[in-house]
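Here's the structure we're looking at; comments come further down.
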Amino acid sequence: MKNRAADPSARRVLLLGAGGQLGRALWEFRPSGVEVVRSARDDLDLTRPVDIEAALKAASPDLILNAAAYTAVDRAEREFELACAVNAEAPAALARLARAGGIRLVHVSTDFVFPGDRGRPWRPEDPPRPVNRYGESKAEGEKAIQSLGHSLALIVRTGWVYAPWGHNFFRTILRLLGEREELHVIDDQVGTPTSALSLARFLWAVALREDLSGILHWSDAGVASWYDFACAIEEEARNAGLLKRLVPIHPIPTEAYPLPARRPFQAILDKSETIARTGLEPVHWRTALSQVVRRFAEDPNRPGSRTGKS
Ligand SMILES: NC(=O)c1ccc[n+]([C@@H]2O[C@H](COP(=O)([O-])OP(=O)(O)OC[C@H]3O[C@@H](n4cnc5c(N)ncnc54)[C@H](OP(=O)(O)O)[C@@H]3O)[C@@H](O)[C@H]2O)c1
């Protein structure tokens with residue numbers, strides 16, 4: 001067996017949430033020389049603290065990468081307890097066990113911990129003030145991790161994540177563009193669409209640097225409304241041959257599309273401190289979107305593909 005303390009290439013990582021859209025990207029971009037143990041909900045239900053401890057013992061990781069979360073923003077309004085079990089209590093248990101075992105913990109959080117008033121981008125030190133239950137549960141998770149003062153713990157906040165796979169705005173818009181004559185999309189909420197592919201590369205880079213702790217903010221570069229994002233998806237999809245016709249997209253205000261959970265109007269993360277601390281530069285969201293569309297178009301199993309199943 002390799003001596004992991006003496007040989008960084010022998011690092012062993014427990015990847016939680018491996019079945020999610022970010023988890024899949026983290027698996028795809030795992031660095032060479034790092035052994036990754038994937039854990040999806042079927043392997044470990046994070047609402048069961050006893051199982052968390054047993055899973056850590058079995059995997060014996062040097063690093064826990066937590067991409068698992070309860071992410072159903074609207075459902076969280078009525079399933080707050082469950083959201084807290086996954087988003088607050090499980091990260092707290094992970095942080096406790098990580099501190100006791102000297103294990104690095106990298107936890108993913110969200111711009112939804114902020115209220116999203118229109119104003120300047122959010123800095124890591126701004127006090128969380130979520131406007132919905134999902135945001136509350138994620139803010140509780142952050143607080144629990146931070147309160148333990150584990151020097152090897154790192155929280156990375158991000159927002160508007162999408163991937164060629166999984167459930168996300170990108171895939172929903174692509175599907176609707178194929179089904180509808182026209183679309184109406186909210187244009188008064190702004191943020192930064194963030195490709196799970198670029199986020200996964202960033203996460204690996206910072207996860208393997210144990211000098212980085214505290215909170216980092218990361219997204220792709222630039223700013224867009226949901227309407228801008230939808231128009232860009234339509235344009236890229238037509239360029240990639242995924243759409244044969246032009247589908248008009250109309251901007252609408254938030255109140256025209258009521259949802260159970262309130263959304264922040266302004267979900268832009270200030271990344272300047274992260275860029276200074278890491279030396280890493282984000283790619284512009286339009287560039288990242290082109291890459292995701294290409295990946296989606298190349299997938300023979302994608303919905304609508306001639307060889308695809310659904
Ligand atoms: N999506 C976004 O726009 C966004 C924005 C900001 C931050 N984030 C954060 O980014 C991280 C990754 O999210 P994502 O976008 O990849 O979401 P996702 O696709 O919903 O993935 C989350 C994963 O967590 C798993 N999970 C849920 N409950 C669990 C439980 N009780 N035990 C074990 N696993 C459980 C889910 O399993 P199932 O597949 O079985 O449900 C899913 O695979 C999360 O921390 C999220 O809060 C996401």
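For the range 171-185, what are the residues that are hydrophobic (A, V, I, L, M, F, W, C) and either in a helix (DSSP H, G or I) or surrounded by fewer than 20 Cβ atoms within 10 Å (Cβ to Cβ) (or both)?
Selection gives ILE173, LEU174, LEU176, LEU177, LEU183.
So, ALA85, is that one more than 24 Å from LEU269 (Cα to Cα), within 13 Å of the ligand (Cβ to nearest atom) and out of contact with any Cys (no Cβ under 6 Å at 6 or more places or on another chain) or not?
Against the criterion (more than 24 Å from LEU269 (Cα to Cα), within 13 Å of the ligand (Cβ to nearest atom) and out of contact with any Cys (no Cβ under 6 Å at 6 or more places or on another chain)), ALA85 qualifies.
Out of the residues in the range 66-111 that are touching a Lys or Arg at 6+ places or on another chain (Cβ under 7 Å) and open to solvent by 40 Å² or more (accessible area, probe 1.4 Å), which is farthest from ASP51 (Cα to Cα)?
Filtering the range 66-111 for residues that are touching a Lys or Arg at 6+ places or on another chain (Cβ under 7 Å) and open to solvent by 40 Å² or more (accessible area, probe 1.4 Å), the one farthest from ASP51 (Cα to Cα) comes out as GLU77.
How about the range 202-310: which helices (runs of 4 or more DSSP H) wholly inside it have at least 3 residues that are hydrophobic (A, V, I, L, M, F, W, C)?
226-239, 285-298
How many of the residues in the range 144-165 are within 16 Å of the ligand (Cβ to nearest atom) and either in contact with a helix residue (DSSP H, G or I) (Cβ under 8 Å, 6 or more places away or on another chain) or assigned to a loop (DSSP other than H, G, I, E, B) (or both)?
Of the residues in that region, 15 qualify.
Exactly one of these conditions fails for PRO253: (1) closer than 29 Å to HIS184 by Cα; (2) of a type outside the set (A, V, I, L, M); (3) crowded, with 17+ Cβ neighbours inside 10 Å. Give me its number.
Of (1) closer than 29 Å to HIS184 by Cα; (2) of a type outside the set (A, V, I, L, M); (3) crowded, with 17+ Cβ neighbours inside 10 Å, only one is false for PRO253: (3).
The values are calculated or read from the model by the stated rules, or taken from the named source; none is laboratory data. Predicted model only: the values in this text are computed from it and were never measured. Virtual Cβ from ideal backbone geometry, glycine too; neighbours counted across all protein chains shown. Please note that ligands, DNA and RNA were not included when accessible areas were found on the heavy atoms of the full protein model with its side chains. Shrake-Rupley method; radii C 1.70, N 1.55, O 1.52, S 1.80 Å.
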